[in-house]
Protein chains: 2
Amino acid sequence: MEFSSKLVERAVSEIALLPGIGKRSALRLVLHLLRQPKDQAKHLSSAIAEVREHIKYCKSCYNISDVELCDICQNPLRDHNLVCVVEDIRDVMAIESTSQFKGVYHVLGGKISPMDGIGPHDLKIPELIERVKNHEISELIFALSASMEGDTTNFYIYNQLKKFPIKMTSIARGIGVNDEIEYADQITLGRSILHRIPLEQSLKM
Amino acid sequence: MEFSSKLVERAVSEIALLPGIGKRSALRLVLHLLRQPKDQAKHLSSAIAEVREHIKYCKSCYNISDVELCDICQNPLRDHNLVCVVEDIRDVMAIESTSQFKGVYHVLGGKISPMDGIGPHDLKIPELIERVKNHEISELIFALSASMEGDTTNFYIYNQLKKFPIKMTSIARGIGVNDEIEYADQITLGRSILHRIPLEQSLKM
């Protein structure tokens, strides 16, 4: 692509570094911004600079937070012995929106992925092990995605922690509550049969 | 969506104002930036602020340019009597990449669209009329998209300019050079039959 303006070219290259945005979409976004009032670009620009510059992580669960200890970790009504291990803030938001979980979280910040050069020490796994060592935790619930990287991460943490007297569980995998069985994928349907539960238990839902 | 950080919330809202980016994608982009070195967010932020703040338009063709008169308008080898009317910089880039056009451009900055509140005076149409009045222009080639808005814009400009002794043409619509006739849409195929050209002319290509 040849640009008639270095300013546009630079903005397009920077925006196209974002995942899922190619040069054509980036140009479309730049042209959109040029048609909007100057304030919109100013606000966008400062929001991006500030979120990266001033972002803080909760020193207990490593979720993104504006204060040292996040609202969930500060809440005395939550069960601090029950820790849900998740990949990132989006999983925390999704689980919180169910209102079904009363424990606290541990945000790893990703999954182990040798292909992308991400090892255990690039994630908050050493911090999780320290947390289990130094705090009274009764159960870790693993809620990582069921991908190869998710399973690898679960397995690595399991091996590091199996010597400790804690319960380690995984969230249930199965057919979604409103899903049709005939349309479910084979692996999910297979797992849902393998991990069947007593009928009385399912009727309590 | 409830966020654990106001900084993240603000960045997500600002990014989600861009067309085609929802709150979920915006959050994904913010989390990506947080995982990258601080410099990437800084460069992105400053590129966005600067392109909006310092953008200039060529005073002759209204294409985006870093200087008063763009490279194309400055070029003495181009035919300044032949003006191609386009919607925005993307069309200029696309036509330039064909190397088939030796004239100059007039960039309208959009199409007439009453639905979006865009009238002739929101575009560089008055400037086009002035340009035809004050300069020696032999032909205007209309290269707007073949949509209702494109046709409306063509028709409006045509009515404004028909009293002047200039030729007004439209780019050819038809079956793409490598396209199969059986897969062409009906309107395009219909137009390509209606606007057929002498065989000798097509063999010259």
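Any read-out appearing in this document is the output of simple, stated calculations on the displayed coordinates, not a laboratory observation. Computed from a predicted structure; not experimentally measured. A quick note on method: Cβ atoms are made from the backbone with ideal geometry, for glycine too, and the neighbour counts reach across all protein chains shown.
Of note:
- Peptide B:25-37, shielding by other chains (average Cβ, 10 Å cutoff): 5
- Residue-averaged beta-carbon neighbours from other chains (10 angstrom radius) around B:52-64: 4
- Loop-located trypsin sites (Lys or Arg not before Pro) in segment B:1-69 whose Cβ has at most 16 other Cβ within 10 Å (DSSP): B:59
- Phi-based couplings in Hz for segment B:171-183 (Karplus 6.51, -1.76, 1.60; Gly and Pro marked x): 4, 6, 9, x, 6, x, 4, 9, 8, 7, 4, 5, 9
- With 0.36 nm allotted per residue and the present C-alpha distance subtracted, the residue B:155-residue B:46 stretch has 35.1 nm of extension available.
- Taking other Cβ atoms within 10 Å as a rough exposure proxy, B:106, B:195 sort from fewest to most as B:195, B:106.
- For residue A:79, label point 7 Å along C-beta direction: distances to other copies, nm: 8.0
- Using a Förster distance of 22 Å, the FRET efficiency for residue B:168-residue B:97 (Cβ separation, nearest 0.05): 0.35
- Cleavage-rule hits, GluC sites (Glu not before Pro), segment B:7-79, DSSP coil, Cβ neighbours within 10 Å at most 14: B:68
- Test item: A:12-20 mean partner chain Cβ contacts at 10 Å: 5
- Least to most buried among A:93, A:115 (fewest other Cβ within 10 Å first): A:115, A:93
- Where chain A is carried onto chain B by rotation, the Cβ closest to that axis, with its residue and distance in Å, is A:45, 2.
- At 7 Å out from Cα toward Cβ: residue A:115 inter-copy label distances (nm, ascending): 4.1
- Taking the fewest neighbouring Cβ atoms within 10 Å as the starting point, the ordered list for B:112, A:129 is A:129, B:112.
- Sparse packing (at most 12 other Cβ atoms within 10 Å of the Cβ) combined with a DSSP loop state is found for the following GluC sites (Glu not before Pro) in segment A:132-173: A:136.
- Crossing angle, helix B:148-161 versus chain B [Cα axis fit, 0-90 degrees, rounded to tens]: 50
- Cα gyration tensor, the protein assembly as shown - rounded (a/c under 1.5), prolate or oblate: prolate
- Exam field: residue B:177 pseudo-label spacings to other copies (7 Å along Cα-Cβ), nanometres: 5.8
- Set of segment A:45-74 residues, backbone N closer than 19 Å to the point 7 Å along the Cα-Cβ line of residue B:13: A:45-56, A:65-67
- Residues in segment B:115-122 carry Karplus couplings, in order, of 4, 9, x, 9, x, x, 7, 7 Hz; the curve used is 6.51 cos²θ - 1.76 cosθ + 1.60 with θ = phi - 60°, and Gly or Pro positions show x.
- Between 0 and 90°, nearest 10: helix B:38-54 axis offset from chain B longest Cα axis: 40
- Note on residue A:199 and residue B:79: their simple-model spin labels are 8.4 nm apart, each label 7 Å out from Cα toward Cβ.
- In terms of distances greater than 18 angstrom between alpha carbons, the cross-link table entries A:23/B:102; A:133/A:163; A:59/A:167; A:102/A:162; A:38/B:6; A:59/A:162 yield A:23/B:102; A:59/A:167; A:102/A:162; A:38/B:6; A:59/A:162.
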